[in-house]
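Report on the following structure.
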Amino acid sequence: MDNPTKIMGIGELLWDLLPDGRHIGGAPANVTFHTTLLGHQSIIVSRVGSDSAGTSLCAGLTELGLSQHFIQTDQTHPTGTIQVILDQAARPTFDVTDDVAWDYLEWNPKLAQAASTAQLVCFGTLAQRHRQSRMTIQRFVDTAVAAIKVCDLNIRPPYQTLEVIEEAAKLATVLKVNEEEFKQLCQLAHIHQGDDELACQQLIQRYGLELIAVTYGECGCLLATQSSTVHHRGYTVNVRDTTGAGDAFVAVLCHHLLRGTALSGIAEKANRYAGWVTTQSGAMPRADQNLLKLIV
């Protein structure tokens, strides 16, 4: 840990309970995994229980080549889980267990040091559903003064209050939403939805954003800044499981933001990688070098 940490994902770390078994998940963990594959020093900041689920989760992180240096252990609350239900189109719905270890992420000097050296921080709103973790995450992001701050809203009912969403958006420099979250955000913010590009510009002005990314599943994405807009129509693939596809998109977005890649290149590569992830099971499939060469 002598070198500055380039990318840090802070928030939920849990077991995704899928029809074919359990998989390590949580949006920040998924992003951390994929950015590690893309060559970054990437660290997950989270909290697990002192139970067998937490022990096996940490062992799984080691197998994936991910550091446990910033994984806290909670003696009171259990390791988090999400029941993932896939419909006929392999689209997931989520039943998120409440009052678990990652709801009680604690601020400490080690986190302060990590935040101050981060070049990019990825965070979301799900892990801010409880006051303890919300305060820690907001303080972490606020302390990362030199970092690109990427917020993936990850709206999960009933954790979608306007207060939490707006606080997160105002902390961010980059905001990523899927199509449904985009609609919900516009409704909550009283922004008319007749024109997505115009709505993006209004959101950029409202929250002081540098970039907003809207993903439309198999229909691609829209990337917008104050001065430019890029659409990508996406890729046609044989979908197996869409869980984690948005996190894969965010990982490539983070990678190319750090490299200063043009919006068109970001859109093409992020859609290509997210599309591939949907052909696999779970949120953390390991891409081979041939694919990664097309992404980096």
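The values are calculated or read from the model by the stated rules, or taken from the named source; none is laboratory data. None of these values were measured; they are calculated from a predicted model. With ideal geometry, Cβ positions are generated from the backbone for all residues, glycine too; neighbour counts draw on all protein chains shown.
Here Gly208 clears all of (1) crowded, with 18+ Cβ neighbours inside 10 Å; (2) among the small types (Gly, Ala, Ser); (3) under 15 Å from Val150 (Cα atoms) except the condition numbered (1).
If you go through region 274-296 and keep only what is in a helix (DSSP H, G or I) and within 15 Å of the chain's Cα centre (by Cα), you end up with Ala274, Val277. Restricting region 270-296 to residues that are in contact with a Leu (Cβ under 8 Å, 6 or more places away or on another chain) and crowded, with 21+ Cβ neighbours inside 10 Å, the residue that is nearest to Thr215 (Cα to Cα) is Ala270.
Step by step: first the residues of region 182-201, then only those that are free of Cβ contacts under 8 Å to residues at least 12 places away in the same chain and polar (S, T, N, Q), then the one that is nearest to Thr125 (Cα to Cα). Which residue is that? By that ranking, first place goes to Gln187. Scanning region 59-85 for residues that are more than 29 Å from His40 (Cα to Cα) and at pLDDT 95 or above turns up Gln75, Thr76, His77, Pro78. Considering region 140-191, the residues that are of a type in the set (Lys, Arg) and more than 19 Å from Cys219 (Cβ to Cβ) include one that is nearest to the chain's Cα centre (by Cα), namely Lys149. Does at least one position in region 150-173 carry a residue that is surrounded by fewer than 19 Cβ atoms within 10 Å (Cβ to Cβ), out of contact with any Cys (no Cβ under 9 Å at 6 or more places or on another chain), over 30 Å from Ala112 (Cα atoms) and of a type in the set (Lys, Arg)? No, because not a single residue in region 150-173 is surrounded by fewer than 19 Cβ atoms within 10 Å (Cβ to Cβ), out of contact with any Cys (no Cβ under 9 Å at 6 or more places or on another chain), over 30 Å from Ala112 (Cα atoms) and of a type in the set (Lys, Arg).
Taking region 12-42 as the range and being assigned to a loop (DSSP other than H, G, I, E, B), of a type in the set (D, E, K, R) and surrounded by fewer than 24 Cβ atoms within 10 Å (Cβ to Cβ) as the test, only Asp20 passes. Among the numbered conditions (1) in contact with a Phe, Trp or Tyr (Cβ under 8 Å, 6 or more places away or on another chain); (2) more than 25 Å from Leu257 (Cβ to Cβ), the only one that Leu64 does not meet is (2).
Filtered by the rule that a residue be among the aliphatic types (A, V, I, L, M) and touching a Ser or Thr at 6+ places or on another chain (Cβ under 8 Å), region 167-205 gives Ala168, Val177, Ile204. Taken as a whole, the condition of being outside any strand (DSSP E or B) and at pLDDT 95 or above applies to Glu197. Suppose we filter Thr215, Thr243 for residues that are surrounded by 24 or more Cβ atoms within 10 Å (Cβ to Cβ), touching a Pro at 6+ places or on another chain (Cβ under 7 Å), β-branched (Val, Ile, Thr) and within 30 Å of Leu86 (Cβ to Cβ); which single one remains? Sole residue among the options that is surrounded by 24 or more Cβ atoms within 10 Å (Cβ to Cβ), touching a Pro at 6+ places or on another chain (Cβ under 7 Å), β-branched (Val, Ile, Thr) and within 30 Å of Leu86 (Cβ to Cβ): Thr243.
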